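Since the structure comes first, as structure tokens, the remarks are kept for the end.
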Amino acid sequence: MNGLTVDSRVAGASPLLFTFNQPPQQAFTLAYPTTPVGHPIWQIPTPALVINPRKAVANYQAIQRAFPDATVGYTMKSNPNAMILDPIARLEDSWFEVASRPEIEVLARIGVGGDRVFYSNPVKQMSHIRAAIAGGVRLFAFDSASEVDKLAAFGLPLEVYVRMTVPHTGALWPLTHKFGVEAHTAVELLEMARARGLKPVGLAFHVGSQCVRPETWADALRTVAPAWAEARSRGIDLDLIDLGGGLPVAYTGPVPKPADVAAAVYRVLGETVPGAHRILLEPGRSVSASTSDMVLEVTGLAERPDGQTWLYLDGGVFSGLYEIPDGIRPAVRPILAEPRPLSMTTYRLAGPTCDSVDTLFEMRSPVELKVGDRLILKNTGAYVYGVGSTFNGFSVPEVYEASEWTLDMDEFPGIC
Ligand SMILES: Cc1ncc(COP(=O)(O)O)c(C=O)c1O
């Protein structure tokens with residue numbers, strides 16, 4: 001047997017092929033798998049966001065299965081592209097969570113009426129409330145007296161639920177401070193809503209996004225329980241609990257499944273919020289993230305005085321990847337056209353603009369990268385589309401449907 005080499009003509013994620021045809025004197029080398037230039041991943045213009053709509057439905061239905069008696073409202077801000085909204089809208093029993101009038105209008109255009117929508121932004125513009133009511137929305141979150149004034153002004157018995165603050169333990173993207181009230185204020189607000197002709201029906205919370213600790217939902221239910229009990233003792237007939245979003249996505253490692261969160265919830269639901277016959281969920285990230293992958297090109301490399309090798313890409317924070325610097329880090333797959341030996345190299349990834357904020361994360365690549373190579377950033381379907389800007393003149397990623405390019409992005413699992 002002679003020296004060991006690797007057949008480098010292997011596409012994408014294909015396993016390394018070992019051959020034994022080297023002359024004995026040649027060094028033992030392992031090459032990173034190449035992706036032939038004819039592969040569609042090279043044809044697609046970058047920066048690109050490649051969407052697989054089928055995954056949206058699969059993710060949505062997996063959550064429905066885990067919480068069989070819940071109303072699951074897809075939080076459309078996490079990805080309002082039609083490729084995600086349309087297939088979910090076509091499901092008979094699908095609902096949506098909205099935060100603004102334009103979101104309601106988008107849904108109306110694809111045939112989703114207000115009877116399948118709840119409005120969980122606790123602070124709304126008057127004109128947006130008016131449009132929501134005109135569109136048939138009847139379920140609204142609130143967490144302030146001024147919001148009671150706005151909602152009550154329409155003279156309708158709108159169903160309203162109070163957003164409470166809860167612990168965010170285990171959430172990578174906490175949503176603390178901006179919204180939510182403590183128990184005594186929640187009860188006061190429910191009383192106030194009732195006195196103004198609204199119909200107070202429940203409580204809501206959000207444990208923070210990308211929450212990897214199922215027990216945090218149980219903690220949240222224990223936190224809202226005193227307000228629930230006090231309101232019911234005052235004759236306010238609460239029957240709705242909104243468990244928010246927060247279900248995590250497997251970006252760089254395994255995370256709890258919806259069923260794990262459901263198990264934690266159902267263990268305490270009956271004792272914490274007795275009589276909660278209506279359970280709402282508002283998943284965003286867990287429906288949309290895995291639908292999409294971003295394809296970027298390496299545009300520059302530089303050694304800096306800080307000793308780091310910087311790798312510049314044609315997409316970055318201003319392309320919609322704003323969550324990455326704060327810790328929502330996608331797995332990455334380098335794409336190379338020609339063979340190169342394996343060689344572990346650390347890069348500091350940065351976007352194309354001149355702003356130093358436009359810096360992503362440190363990546364340990366199994367191969368040295370060059371200008372013209374590509375990177376696939378996996379699971380970038382949530383809070384990316386619709387977020388980017390053309391700052392510095394750079395375009396936001398163009399959106400493509402995977403099937404239009406005969407691209408199976410699962411062929412490229414993230415490896416670094
Ligand atoms: C009110 C509300 N509901 C639901 C969500 C969706 O959360 P996630 O994407 O973590 O599921 C968010 C996210 O910010 C939110 O603000």
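Some observations on this one:
- Qualifying residue in segment 167-184 (condition: of a type outside the set (D, E, K, R), at negative phi and assigned to a helix (DSSP H, G or I)): yes
- Close contacts from segment 113-134, counting a first residue that is at pLDDT below 95 and a second that is part of a loop (DSSP other than H, G, I, E, B), with Cβ to Cβ under 7 Å and a gap of 6+ residues or different chains, come to none at all.
- Flag not set for LEU203, criterion: within 15 Å of the ligand (Cβ to nearest atom), surrounded by fewer than 23 Cβ atoms within 10 Å (Cβ to Cβ) and either free of Cβ contacts under 8 Å to residues at least 40 places away in the same chain or not in a loop (DSSP other than H, G, I, E, B) (or both).
- Those strands (runs of 3 or more DSSP E) lying entirely in segment 260-359 with at least 1 residues polar (S, T, N, Q) and buried (at least 20 other Cβ atoms within 10 Å of the Cβ): 292-303
- Checking THR380 against (1) exposed (fewer than 13 other Cβ atoms within 10 Å of the Cβ); (2) polar (S, T, N, Q); (3) within 16 Å of PHE412 (Cβ to Cβ), the condition it does not meet: (1)
- Index of the failed condition, VAL224 passing every other in (1) closer than 16 Å to VAL273 by Cβ; (2) surrounded by fewer than 19 Cβ atoms within 10 Å (Cβ to Cβ): (2)
- Of the residues making up segment 293-316, none is within 16 Å of the ligand (Cβ to nearest atom), touching a residue at least 40 places away in the same chain (Cβ under 8 Å), under 13 Å from LEU377 (Cα atoms) and touching a Gly at 6+ places or on another chain (Cβ under 7 Å).
The values are calculated or read from the model by the stated rules, or taken from the named source; none is laboratory data. Remember, predicted model here, so these are calculated numbers, not experimental data. Cβ: placed from backbone, ideal geometry, glycine included. Neighbour counts: every protein chain shown.
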